[in-house]
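Comments concern the structure below.
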Amino acid sequence: MSKLFKIKLKKKKGKGKENITELIDASFENSPSDVRSHSEEHQASSSNIMRITTTADLSDSGTNPESGSGANEISQHLLSVTKDISEATDLLSPLKAACSLMIRGLQIAQNVRDNRVAWKDIQDDLSYHISELKWHRDSLETRPDTADGECLKAIESYLCVSLGIIENARRHITQPSPSLLDNLKTGAKAQQELADLKRERERILNAWQIYHGAMKRVLSQKLDGITDRLVGLKELQLANPVRERVQDNYGTIDTGFAIAYGERVDVCEAGTRVEILAKIQSWSIEKSTEKQIFWLNDAAGTGKTTISATLARRWAIEGRLAGRFFFSPNSSTTETTRDFCIAVAKDIATNQPTLANTINEAIKATPASRRAWFDVQLRTLVIDPLQALESTDCVILVVDALDNCIDDKERTEFLRAFLQHLHLARNMKLFLTSRPLQDIFDMLAPSPLVHGADVQLLNVRKSDNSDISIYVEQRLRSIISPEQQEMIVSRSGGLFLFAATLCRMLEKGRHRNDILKILSDVGVTEKLERKMDVLYLSALKQAVVDKDANKLMMSVLSLIIIAYQPLSINTLRKFLSDNLHVKDFVQDLSSVLKDGDPDRPVKVLHPTFREFVLSNEERANGFVVNPITSSAAMAIACIDTLEQFLSEDIFRLDQSGRLPVRNADIIDLDLIINTHTTAAERYASAFWAHHVAVSEIDPQLWSRVLRFISHKFLNWVELMSWRESLGICIEGLTRLHAKFRTGMSKYESHI
């Protein structure tokens, strides 16, 4: 063994102190005394502990546990290793030895033939414990000197109890097989042995729980230290000046903002929404009104986002757009208010160039520690700069789909801050859309600042459906007959989402007759969910031809749904290397996904489709996405990608033997990063920890995580530092830490 991993021996002193060696001596009083030397045993253990615990591994030890001599030899090994554990001062060496010891012990237990059900439970327990011990051992490889008296004592106690049950198994193997008459005579004794065995199992599980808790505390402290060091680095990477946005530069703040700005959201068809657009435009140019907020609220699927995109584009052309933020479940950036103010501030700096310097200075002057308070961010980064805007016209901030913000407390804080501070910027107005959720209604309805609460997009009393009729006629005039167009309009019931999805399905040119037939299953007055479920199920069924195709399509769809930022077809191909039909599936689902270009991010067109596939089997009928198992698959794909890619000085920037101190010292750093990394590598580096944190605890996955942290952690931090994305590192590790604390063992609640 190398010096680094040698066991440190320490004499235990103290009157009356009982150590594990004495206990083992007692339990193995019938064992031969010719114990092998410590050094020989450590060599044996180090050659075994790195192997996966399988039946083949356990039998490949040079001994036959079914024979008396083999069992005695294993007992001698257990005794020798345990002596070293009782005298060690660090944790790594005892964990290595404990792995070897328990592997040998499991060998014995697997060859007991009596009370098979009870012994099978014990074998399962020991096998699980071995996998966990290996996990703990691997996690301490980078810090072999880690010491903790409580944890060391817990290892000692656990092994003491374990060796008692292993000795019990050894006696069963070495004693002669009983005759039928013996079995009849000793029935009561067998029942007693079974009861004793259950008590022994309970003791070992209790000892494991104590050890497991102590080790979890040690490993949590280690992760705490990593996170603390990164927080200090993050302060060096406060927001940069506004720069060109790169859509697939995953994990950077600008990529999420490209989604937040709604840059690829469709606008209203010509001739539609004329009345409501005119009403909002009139409000936007009125200077004397005190109603600075126009709240467009209505049901999902009524076209609010399309109206927001249309108005944002119009106001940008007129030079009156302040900024935009489209809340959406398509990105982690756009489903909370955390990055709202800095995203809007950067957009204001782009749309109103005279404020760029003021906003960039405000961003730099706002410490990360103060960004926890939304009202401080809003005042400092948005309201105050707009107060300095020299313009005779009102500028408008567009905020779409506030209901897509997943936290109702964040929504309330968001609205309270605007209602409190908006009057300070008299030349600014807020155009806001949402569903009429109760928490939003309670904040806005009573406010004198709010206009538009009485506007209805879905007016069930309006019988002509003129806007939808114009839309359908423009989209389908050369595809289906006027009678069929009218049937679509009538079945839509005023829901633009239904009409738009059906138009996209028909425009593909496949199964048009089948698509039109499903209209008979949709009632005019049915709720949106029921209407859309019929369309979504039809779109998914048409994309597959058999069960194998269904499986492949769902693997693609699962990653699209659970991704923290939209992935391109080429990125999906990288993560699903065995799936050759990624592009075909995405294009076949063009009625619900956008878009099919290999290098552009694929987005879910409407949140109701995401809700559909994440619902349940009764509703989605074979097309359910399990976010937990899908995240685990994504986590493995990300780690695989990073392990192949990461290396020291990854961009070969260390020309003089000393890395530059600051990113600003590197010319064209963004170009270097994007040239030498793929979109898949950028996504994996940004979100691997996030995906692990929402996966179910699994020893195989966590073993991969610990190996990655042990061997590639610093390379990963270096990459994210160059990418100015240490914030995403900290967020990922924080989530990982929380997962680690609350559920490191899936069996813990049963112990």
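The values are calculated or read from the model by the stated rules, or taken from the named source; none is laboratory data. In this text, all values refer to a predicted model and were calculated from it rather than measured experimentally. In this analysis, Cβ positions are derived from the backbone assuming ideal geometry, glycine residues included, and neighbour counts consider all displayed protein chains. When the accessible area is computed, the model is the full protein with side chains, heavy atoms only, and any ligands, DNA or RNA have been set aside. Shrake-Rupley method; radii C 1.70, N 1.55, O 1.52, S 1.80 Å.
General observations
- For region 659-701, a residue qualifies if it is basic (K, R) and in a helix (DSSP H, G or I), and exactly one does: R682.
- You will find that of S710, S656, S749, the residue that is assigned to a helix (DSSP H, G or I), among the polar types (S, T, N, Q), open to solvent by 20 Å² or more (accessible area, probe 1.4 Å) and at pLDDT below 80 is S749 and no other.
- Residue ID - farthest from the chain's Cα centre (by Cα), chosen from residues in region 201-213 that are open to solvent by less than 40 Å² (accessible area, probe 1.4 Å) and at pLDDT 80 or above: I204
- Subset tally (residues that are farther than 16 Å from N351 by Cα, small (G, A, S) and modelled with pLDDT of 85 or more) for region 363-405: 1
- Pick from region 475-500, criterion open to solvent by less than 60 Å² (accessible area, probe 1.4 Å) and over 24 Å from L540 (Cβ atoms), ranking: modelled with the lowest pLDDT: G494
- Test: L311 is open to solvent by less than 30 Å² (accessible area, probe 1.4 Å), at pLDDT 90 or above and farther than 20 Å from H606 by Cβ: no
- For region 582-628, a residue qualifies if it is of a type in the set (A, V, I, L, M) and more than 20 Å from the chain's Cα centre (by Cα), and the qualifying residues are V582, V586, L589, V592, L593, L605, A620.
- Applying the condition of being more than 19 Å from the chain's Cα centre (by Cα) and not acidic (D, E) to region 566-581 and asking which residue is most open to solvent (accessible area, probe 1.4 Å) yields L580.
- Options S577, S558, S615, S591: the member that is on the phi < 0 side of the Ramachandran plot, part of a helix (DSSP H, G or I) and not β-branched (V, I, T): S558
For (1) more than 36 Å from the chain's Cα centre (by Cα); (2) modelled with pLDDT under 90; (3) assigned to a helix (DSSP H, G or I), each residue gets a yes or a no:
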{"residue": "T412", "(1), (2), (3)": "no, no, yes"}
{"residue": "L415", "(1), (2), (3)": "no, no, yes"}
{"residue": "L432", "(1), (2), (3)": "no, no, no"}
{"residue": "D439", "(1), (2), (3)": "no, no, yes"}
{"residue": "V455", "(1), (2), (3)": "yes, yes, no"}
{"residue": "V460", "(1), (2), (3)": "yes, yes, no"}
{"residue": "E473", "(1), (2), (3)": "yes, no, yes"}
{"residue": "L502", "(1), (2), (3)": "no, no, yes"}
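- Looking across S615, S631, S538, one residue alone is without any contact (Cβ under 8 Å) to a residue 40 or more places away in the chain and in contact with a helix residue (DSSP H, G or I) (Cβ under 7 Å, 6 or more places away or on another chain). It is S538.
- When every residue of region 536-555 is checked against the conditions, at least one turns out to be under 30 Å from A693 (Cα atoms), open to solvent by 20 Å² or more (accessible area, probe 1.4 Å) and either among the hydroxyl-bearing types (S, T, Y) or touching a strand residue (DSSP E or B) at 6+ places or on another chain (Cβ under 6 Å) (or both).
- Flag for T272 being in contact with a Phe, Trp or Tyr (Cβ under 6 Å, 6 or more places away or on another chain), over 24 Å from L733 (Cα atoms) and modelled with pLDDT under 90: yes
- Region 287-301, residues that are over 15 Å from L432 (Cα atoms) and touching a residue at least 40 places away in the same chain (Cβ under 8 Å): K287, T289, E290, G301
- Complete set of residues in region 321-349 that are open to solvent by 20 Å² or more (accessible area, probe 1.4 Å) and either at pLDDT 95 or above or not polar (S, T, N, Q) (or both): R324, P329, E335, R338, D339
- Residue satisfying condition, being in contact with a Lys or Arg (Cβ under 7 Å, 6 or more places away or on another chain) and either among the hydrophobic types (A, V, I, L, M, F, W, C) or part of a helix (DSSP H, G or I) (or both), within set V382, V398: V398
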